[in-house]
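Bear in mind that the values in this text are calculations on the coordinates, not laboratory data. What you see is a predicted model; the values in this text were computed from it and never measured. Cβ atoms come from the backbone with ideal geometry, glycine included; neighbour counts cover every protein chain shown.
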Amino acid sequence: MSIHNHIVRGIVLTVMLGFFVTSANAQAPVYRGALLYSMPWDKSVPPVDSTQSTQVQTAYLWADEAMRLYPEFQIDSFFHAMTWSDTAKTFASNLYQIQDDNPLAYYMWTGDAIKPNPYKGSPGRAEFTFIQNSRFIAGDTMRTFSLLFPEIIADVVIADTLCKQESGGGPPGTSMDMVLVTSTILDEIKGKKVPLCVGYDMRAGKKGKVILSLSDTAYPWATYPVSAHTGQCLQFEYSPEWPRVPSDDEVPRLRDSTGWWIKPGKEYIVFLDFEGFQGDTANGYFTVVPSAEGTSGGMYPVVNGIVQDPWDDFGFGSTNLTVADWKARLRARINSLINP
């Protein structure tokens, strides 16, 4: 999405959060949206384990060393001065592979919960700076950015939608309905792990409470990574009031002639990212939302086997591709990113 839209949506989600909890308190936030996950902070860094490929482990260790050696401003300056050279392409390849391996482990990677913090810089800040810079230096109309920004890309079929009605409480223009989407993965494209869905595996919750009621606040569901295999549940939230097109803050919204953009029983290719809120001493809190690049709010409908991509957002050379062809061309772009 455009930087402006990303900031606006972040403000909206923050307002719906109601308040931030400080790092000194072990207390969950009150969130008036439709989906809120919690995960414990890492107690050791980096998040390397024996299941990862050698390339992913090496990438983590390189980044870990940089976080220990260089303060944040030096890392920012390095990325801001970078051109789309072999070095930048190598960074992009390693970043994509780390994200793809386990986006949740990567997202929760921080030294903040370790005393003293071993890092001089923040992994999340370094990632954000590099990805934002890729918008301008990759020279491919933000297509590299659109592959690096989302943590999850998947072909899904929608099982259910639930509207969390938000009636007020924030600045003008910030109160809006949020829709909880429960989907089933048909094909994992990016993100070999996804968050355990709300209501799945009751041992992960408290007192058996699952889906929120329309008048309730979102209960922070204690999630953890599960395999993004075919048939796995994947949940996210979005607002029908968000712009469908990044450059347009007014119209069109994420609605069509028949109502909400996302409809039960329909197929979509979704690009999703994690939107975090300040955590407490034990946990980080986040929701999952569409990354909103392109012209479909990051959620491309499949109609009669054809992906609805009217502006050919990724430059595939056609706006009338079958879902198999569209995904094959997307994977070809991903392969070029991983193997520059």
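I'd like the residue in segment 43-57 that is free of Cβ contacts under 8 Å to residues at least 24 places away in the same chain and assigned to a helix (DSSP H, G or I) and, out of all such residues, is farthest from Phe136 (Cα to Cα).
The extreme case among them is Thr54.
Show me the strands (runs of 3 or more DSSP E) entirely contained within segment 228-314 in which 1 or more residues are touching a residue at least 40 places away in the same chain (Cβ under 8 Å) and out of contact with any strand residue (DSSP E or B) (no Cβ under 7 Å at 6 or more places or on another chain).
No strands (runs of 3 or more DSSP E) qualify here.
Tell me whether segment 321-330 contains one or more residues that are surrounded by 17 or more Cβ atoms within 10 Å (Cβ to Cβ) and among the hydroxyl-bearing types (Ser, Thr, Tyr).
No; the residues of segment 321-330 include none that is surrounded by 17 or more Cβ atoms within 10 Å (Cβ to Cβ) and among the hydroxyl-bearing types (Ser, Thr, Tyr).
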